[in-house]
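Novice: Once you've had a glance at the structure underneath, I'll fire off some questions.
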2 protein chains.
Amino acid sequence: MKENYKIPQATTKRLPLYYRFIQNFSEAGIERISSKELSEAMQIDSATIRRDFSHFGALGRKGYGYDVQKLLVFFRDVLDDNERMNVAVIGIGNLGHALLKYNFQKNQNMKIVVAFDTNYPLDGKLVNGVPVFHPDVMEEKFEEFHAELPILTVPARSAQMMTDRLVAMDVKGVLNFTPVRLQVPDTFRVHTIDLSIELQTLSYFMRNVGK
Amino acid sequence: MKENYKIPQATTKRLPLYYRFIQNFSEAGIERISSKELSEAMQIDSATIRRDFSHFGALGRKGYGYDVQKLLVFFRDVLDDNERMNVAVIGIGNLGHALLKYNFQKNQNMKIVVAFDTNYPLDGKLVNGVPVFHPDVMEEKFEEFHAELPILTVPARSAQMMTDRLVAMDVKGVLNFTPVRLQVPDTFRVHTIDLSIELQTLSYFMRNVGK
C-alpha cells in the first residue's frame, strides 16, 4: 500500500471510477490516453483529472498522455484490488435478497461470503449459495468467513445496535442502506445510500434545471 | 416553488436530509431547535448548518434557535413534498424486483407507479401491485401513469439506449443503478449509484483509517 495521506478526499472518492475506466481502456487495447480523452469518457473536466493525477505523482508526460498499463498497476496497487473483498450482508429483506442474487457477478474481487438475518437458524441456511446465519452468531461467523465489508440492510430500529456490534468487533466501516444516521467513533467509516433522499434530491434538481 | 438559484449545490444536496430531521423533531413534539442540537443529531458541524440556513433567509434567531414548524413548512415548500413523486422502474432484474417489493412503504409522497422490462407483455402484468410493461410502450405508459422519476436498473448494454429515449421523452433526469457513464444533454440530470464503486471507496477509507 502506498503512502496516500496527502491525497484529498474528493480525489480519493474518484479513485475507483478512474480505475474502472482505465481497466476499460486497457481491455480495449489502448496503450496511452490523454487527460482530454479521459475527460470525454468520464465526463469529468480535464483540469480536475490533471489535478487529481498530480497527487498520484508524475504519471503523465506532456504531449504523450498517460501510459494505460502504468496507470492500471498504480490504481490496482492503491486500491488493493489484488485482494478479494469479502462482503457480509446484514439483514435479508427485499434489498438483502437482491444483493445475494446479484452478488457482484461481474466483479471477481468482490464477493458476499456470509449474511445474517433473525429469520435464519444459528447453524445457517444457504440462499443463492451464501450461508445466512442468525445474528446471534455474527461475531464468530464474521471471523470464520473472513468477512470485512458489511452492508447494513436491517430495519431502521436495529441499525444502531448492529452497528455498535460491528464497532465492538473492530470492523472499520459499513455501507448503510438504512435511513438511520448512525452514531460511530471517528475511526469507523459510514457510507450511507438512502434511496428516498437520492430521489428527492434528483427530483429537486430536475425541477430546477436551467433556473 | 421558491426562487432558489442562489443556493449552492452542496447545500441543495443536504436539503432532503434537513427535511427528514426536521420532520422527526416535529413528530417528537419539539417546537424549536438550535443549530447545535441539529448538528448533534445530524452529525454535520453547526457552522455548516448555520451557513446553509443563511441561504434560506432569516429563519433563526440568536439565543432562540429555529422554529421547527416554520422550518417544516419551508422545507416542504422548497422540496415540493406536497406533490407525490411518481417513480418508474426501468428493468426488472434482482434490484428492480426488490424496488417493486419495497416501493417506499414508509414514504407517502413517493410511489412506483409503473415499470418496464423486456420479459413483460405489451399489455402489462402486475408485480407487487405495480403494472410492468414491455419497454416498447414506455413512451405512452409514462404519460398514462404520470411517471416523472425513472430509476434505471437495466443491464449495462441497454442503459444508454433507454436513457436516450427518456431524453427524447423530455424527462429531466434519472437515478442510474447501472455502471454506465451515461451521455446526456446538460439539461438532463443523472444521479448514479454504483454499488461496486461505493464498496471499493468504503474499503479504501477503511484500510486507511487514522493514517
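The values are calculated or read from the model by the stated rules, or taken from the named source; none is laboratory data. Given the structure is predicted, the values throughout are model-derived calculations rather than measurements. Cβ coordinates were reconstructed from backbone atoms using ideal geometry, including for glycine residues, and neighbour counts include every protein chain displayed.
Novice: Is it the case that the stretch B:91-103 has a residue that's modelled with pLDDT under 85, outside the structural domain of B:Ile22 (by TED's automatic domain parsing) and touching a strand residue (DSSP E or B) at 6+ places or on another chain (Cβ under 7 Å)?
Specialist: yes
Novice: Continuing with the same structure: Looking only at the stretch A:185-211, how many residues end up being at the interface with chain B (Cβ under 9 Å from one of its Cβ atoms), part of a loop (DSSP other than H, G, I, E, B) and more than 18 Å from the chain's Cα centre (by Cα)?
Specialist: Final tally of qualifying residues: 5.
Residue by residue, here is whether (1) modelled with pLDDT of 90 or more; (2) closer than 23 Å to A:Ser39 by Cβ; (3) among the β-branched types (Val, Ile, Thr) holds:
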residue: B:Glu140; (1), (2), (3): yes, no, no
residue: B:His146; (1), (2), (3): yes, no, no
residue: B:Arg165; (1), (2), (3): yes, no, no
residue: B:Arg189; (1), (2), (3): yes, yes, no
residue: B:Gln200; (1), (2), (3): no, yes, no
residue: B:Asn208; (1), (2), (3): no, no, no
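Novice: Further question on the same structure: Based on what the data block shows, is A:Val174 closer than 21 Å to A:Ile112 by Cα, modelled with pLDDT of 90 or more, part of a loop (DSSP other than H, G, I, E, B) and within 19 Å of the chain's Cα centre (by Cα)?
Specialist: no
Novice: Does the stretch B:86-102 hold any residues that are at the interface with chain A (Cβ under 9 Å from one of its Cβ atoms), farther than 19 Å from B:Asp194 by Cα and in contact with a Lys or Arg (Cβ under 9 Å, 6 or more places away or on another chain), and which are they?
Specialist: Selection gives B:Val87 alone.
Novice: Please state which of the following conditions A:Ser203 fails to meet, knowing it meets all the rest: (1) of a type in the set (S, T, N, Q); (2) in the same structural domain as A:Tyr102 (by TED's automatic domain parsing); (3) crowded, with 16+ Cβ neighbours inside 10 Å.
Specialist: (2)
Novice: Here's something else I'd like to know. Cβ contacts < 7 Å: first residue touching a residue at least 12 places away in the same chain (Cβ under 8 Å), restricted to the stretch B:140-160; second residue assigned to a loop (DSSP other than H, G, I, E, B) and small (Gly, Ala, Ser), any location; separation 6+ or different chain. Result?
Specialist: So the pair list comes out as B:Leu152/B:Gly91; B:Thr153/B:Gly91; B:Thr153/B:Gly93; B:Val154/B:Gly91.
Novice: Moving on. For the stretch B:18-45, which positions are within 15 Å of B:Phe56 (Cα to Cα) and within 22 Å of the chain's Cα centre (by Cα)?
Specialist: B:Tyr18, B:Tyr19, B:Ile22
A quick yes/no check of all residues on (1) surrounded by 15 or more Cβ atoms within 10 Å (Cβ to Cβ); (2) within 26 Å of A:Leu100 (Cα to Cα); (3) in contact with a His (Cβ under 9 Å, 6 or more places away or on another chain):
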position	(1), (2), (3)
B:Phe145	yes, no, no
B:Leu166	yes, no, no
B:Asn176	yes, yes, yes
B:Arg181	yes, yes, no
B:Val184	yes, no, no
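Novice: A:Ala115 is checked against (1) facing another protein chain (nearest Cβ under 10 Å); (2) surrounded by 20 or more Cβ atoms within 10 Å (Cβ to Cβ) and fails just one. What number does that condition carry?
Specialist: Of (1) facing another protein chain (nearest Cβ under 10 Å); (2) surrounded by 20 or more Cβ atoms within 10 Å (Cβ to Cβ), only one is false for A:Ala115: (1).
Novice: Then there is this: Answer yes or no as to whether A:Met161 is more than 21 Å from A:Leu95 (Cβ to Cβ) and surrounded by fewer than 19 Cβ atoms within 10 Å (Cβ to Cβ).
Specialist: Taking the combined requirement at face value, the residue does not satisfy it.
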